[in-house]
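Right, one structure below, let's go through it.
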Amino acid sequence: MTNHSSPQGDLVLPCLNEAEALPWVLDRVPEGWRAIVVDNGSTDGSAEIAERRGAHVVFEPRRGFGAACHAGLLAATAELVAFCDCDATLDPGELPRVAAPVVAGDADLVLARRRPTDRGAWPLHARVGNQALSRLLRRRTGLRLRDLGPMRVARRSALLALDLTDRRSGYPLQMVVNAADAGWRVVETEVPYRPRVGASKVTGTWRGTWHAVHDMREVLK
C-alpha cells in the first residue's frame, strides 16, 4: 500500500523489467511510505504496472543502477529515503524496523544485512563478491560491515549532501564510502533475503557480478 499524503519516507525502487515482481513488492510497501519506481528503460510494462498500483513513477533514460537510484533520490520529498531492489528478494514491510535507528537519532545510515531464506536466494559468486568488497571497504573506511545490501535508509537532505556521482553499480558503495568520510554513524540490521522473481540483471550471473564488483572497486580507488 502506498501513502501519498505527507509520507514519513520515500522508497526508491530502481526498475528494469520487473513486471513479475512489482505487484508483490508494491503491495508490501508499509503505511506511511511512498513508492517511487524509477523505470530505467523497461520493455515489459513495469511502469504501467507501478502506476496502476499507486506508485509515483519516474523515467530515467540513462541506463545504470546508480542513475536510477539518484533519479529517485532527486524525486523524493520525504524526510527519510529508503532504497530497495524491486525483484522481490527483499520485503519492503521491513522498512519501519530498518529505519528505526535513523528515526530515533541513533544512526545516520542503516544497511539491511541479507539473511538468505533459501539456498538459491544468494548465489555463491554474488556472496564472494560482496565479501571481497566488504574487506576492501573496511580497509578504506574502517567500517566493519558484513554486507553492502541494497536496502538502506537515511535522511534525504544528508544523502543529497553526500554529492554522489557514480551512475553505475558503484552507487551503493559510494554512498557508504562518502558517508564514512563524512563521519556518519553507519549500522546494520538483519533482514530475510528471498530468491528473486524474474531474470537477474546483475548478481544472478557471473558476468553481472564481475561488472558490479569492477564498478565498486573503481569507487574505492
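Coordinate-derived values only; no laboratory data. Given the structure is predicted, the values throughout are model-derived calculations rather than measurements. Every residue, glycine as well, gets a Cβ built from its backbone with ideal geometry; the counts of neighbours run over all protein chains shown.
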| message | Based on the alpha-carbon set only, what is the convex hull volume of the stretch 79-155 divided per residue, in Å³? | response | 99
| query | Assigning unit charges at the beta carbon (Lys, Arg +1; Asp, Glu -1) and nothing else, what dipole magnitude in debye, to the nearest 20, does the stretch 1-90 show about its Cα centre? | reply | 160
| task | Collect residues whose amide H, placed 1.01 Å from N in the peptide plane, falls under 5 Å from the amide H of Val38; neighbours closer than 5 in sequence don't count. | result | Leu13, Cys15, Val58
| Among Glu31, Glu60, Glu190, what is the fewest-to-most ranking by other Cβ atoms within 10 Å? | Glu31, Glu190, Glu60
| note | Counting only DSSP beta bridges fully inside the chain, the antiparallel percentage to nearest 5 is 25
| task | First obtain the Kirkwood hydrodynamic radius of the chain from its Cα pairs, then insert it into the Stokes-Einstein equation at 10 °C and 1.306 mPa s, and state the resulting D in µm² per second as a whole number. | result | 93
| message | List the residues, sorted by chain then number, that are 5 or more residues from Tyr193 or on another chain and whose placed amide H is less than 5 Å from its amide H. | response | Arg115, Thr117
| request: Grab the DSSP H runs of the chain that are 4 residues or longer, score each as -39,500 (n - 2.57), total them, divide by all residues and round the 222 nm result to the nearest 500 deg cm²/dmol. | output: -11000 deg cm²/dmol
| field | Euclidean distance between Cα centres, the stretch 91-141 to the stretch 1-76, Å | value | 20
